[in-house]
Amino acid sequence: MPVNSFILFNGNYYRKEDFGLSYQNRAFCYGDALFETMHANGTQIQFFTGHMIRLRFGMKTLGMKIPVNMENDTIEKEIIKLLHKNKLYQGVKIRLTVFRNEGGKYTPKDNSVSYLVETEYLENEQYQLNTKGLSIGIFDQIKKPVNKLSNLKSANALIYIQAGLYAQQNNYDDCLLVNEQNHLVEGISSNLFLKKDKTLYTPPLSDGPVAGILRKQILEIADSLNFKIVNNQSLDEQQLLQADEVFLTNSISGIQWVLSYKERRYFNYTGKLLMDELNKYAFHTWHKH
């Protein structure tokens with residue numbers, strides 16, 4: 001069984017029970033942080049380069065100094081060592097959080113950062129398509145603003161928490177967020193895809209979704225399978241109701257297919273096809289070293 005007793009903090013390994021963060025931590029005080037959730041298998045981290053590109057882009061956007069080990073990706077070796085220390089050799093969820101070092105109020109004293117890596121055992125070493133389709137709703141009580149922070153995976157998650165509570169209260173498995181133009185943006189922790197006839201649709205980044213790593217991979221796989229892809233046009237509820245298939249994607253679950261929105265019911269043929277292709281690619285990627 002996995003030990004999973006250790007975390008990684010700024011290049012050093014600590015037992016979880018011996019570690020704590022300052023009450024002045026800027027992630028806690030101001031949400032001044034970014035994070036990446038990554039999937040690993042057999043100590044191979046899936047799509048690691050893509051995660052680091054996104055993280056560095058976010059850090060530059062927020063004015064954070066990028067440590068050398070994140071600039072040259074040697075942090076991957078530190079994380080793999082953590083997987084060994086925790087005896088995690090099957091499916092693993094990895095969370096890498098980067099936060100600006102404490103000091104200052106809203107205006108930081110400096111832009112240096114610290115980082116923390118946590119691991120969590122996953123039952124499945126590869127992606128598994130959900131057997132029961134999801135029931136979803138639309139959360140429009142708070143509209144997601146569109147600006148240069150919209151595509152980042154930041155620690156400012158209040159809108160997703162509110163969407164999660166709304167889903168819970170209404171017995172939905174997930175909710176779709178909308179922006180200020182009422183265009184569909186994303187799920188609570190995932191990117192959105194619609195399939196209609198032979199065309200695959202996903203909200204454009206200009207409408208405000210997080211720039212998902214799996215979103216990018218699915219678009220590449222769909223392109224290789226000769227799907228027609230539309231990722232530069234806004235989507236609305238009418239298109240959701242007209243779609244043949246709907247699915248959500250993220251780095252931990254892969255693809256989750258949606259069964260229902262209101263009275264509409266969806267198929268999952270494309271979700272199955274893309275999941276099979278994703279696992280073929282992921283398995284090859286995990287073992288090519």
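The values are calculated or read from the model by the stated rules, or taken from the named source; none is laboratory data. Only a predicted model underlies this, so the values are computations on that prediction, with no experimental measurement involved. For neighbour counting, all protein chains shown are included, and Cβ atoms are generated from backbone atoms with ideal geometry for every residue, glycine included.
Annotations
- Test: residue in segment 59-72 that is part of a helix (DSSP H, G or I), out of contact with any His (no Cβ under 8 Å at 6 or more places or on another chain), farther than 21 Å from residue 9 by Cβ and in contact (Cβ under 8 Å) with a residue 24 or more places away in the chain: yes
- Residues that are in contact with a His (Cβ under 7 Å, 6 or more places away or on another chain) and part of a loop (DSSP other than H, G, I, E, B) occur at least once in segment 217-235.
- Criterion: of a type in the set (D, E, K, R) and farther than 28 Å from residue 279 by Cβ - qualifying residue of 105, 132: 105
- Check on residue 111, of a type outside the set (Ser, Thr, Tyr) and at positive phi: no
- Every residue from segment 73-86 that is closer than 15 Å to residue 8 by Cα and either modelled with pLDDT under 95 or not basic (Lys, Arg) (or both): 74, 75, 76, 78, 79, 80, 82, 83, 84, 86
- The listed residue being in contact (Cβ under 8 Å) with a residue 40 or more places away in the chain and among the hydrophobic types (A, V, I, L, M, F, W, C), out of 19, 28, 9: 9
- Residue match in segment 31-49 (condition: surrounded by fewer than 20 Cβ atoms within 10 Å (Cβ to Cβ), acidic (Asp, Glu) and on the phi < 0 side of the Ramachandran plot): no
- Scanning segment 233-249 for residues that are more than 17 Å from residue 262 (Cβ to Cβ) and surrounded by fewer than 21 Cβ atoms within 10 Å (Cβ to Cβ) returns 233, 234.
- Among residues of segment 250-275, those that are part of a helix (DSSP H, G or I) and either modelled with pLDDT under 95 or of a type in the set (Val, Ile, Thr) (or both), counted: 1
- Residue that is farthest from residue 107 (Cα to Cα) [pool: residues in segment 6-36 that are of a type in the set (A, V, I, L, M) and in a strand (DSSP E or B)]: 7
- Scanning segment 176-193 for residues that are within 17 Å of residue 156 (Cβ to Cβ) and in a strand (DSSP E or B) yields a count of 4.
- For residue 94, the criteria (1) crowded, with 19+ Cβ neighbours inside 10 Å; (2) in contact with a Phe, Trp or Tyr (Cβ under 7 Å, 6 or more places away or on another chain); (3) closer than 30 Å to residue 184 by Cβ; (4) not assigned by TED's automatic domain parsing to the domain that holds residue 169 hold in every case but one, which is (2).
- Test: residue 249 is over 20 Å from the mean Cα position of the chain (by Cα) and not assigned by TED's automatic domain parsing to the domain that holds residue 90: no
- Of all the residues in segment 194-216, those that are outside any helix (DSSP H, G or I) and under 26 Å from residue 148 (Cα atoms) number 11.
- Residue satisfying all of: in segment 147-170; under 18 Å from the mean Cα position of the chain (by Cα) and among the hydrophobic types (A, V, I, L, M, F, W, C); nearest to residue 58 (Cα to Cα) among these: 152
- Selection status of residue 112, under 22 Å from residue 186 (Cα atoms) and either surrounded by fewer than 18 Cβ atoms within 10 Å (Cβ to Cβ) or touching a residue at least 40 places away in the same chain (Cβ under 8 Å) (or both): no
- Pairing each residue of segment 210-227 that is assigned by TED's automatic domain parsing to the domain that holds residue 145 and under 22 Å from residue 176 (Cα atoms) with any residue that is assigned to a helix (DSSP H, G or I) and among the hydroxyl-bearing types (Ser, Thr, Tyr), provided the two are 6+ apart or on different chains, yields C-beta distances under 8 Å for 217/281.
- Looking only at segment 252-278, and only at residues there that are over 23 Å from the mean Cα position of the chain (by Cα) and not acidic (Asp, Glu), the one that is surrounded by the most Cβ atoms within 10 Å (Cβ to Cβ): 266
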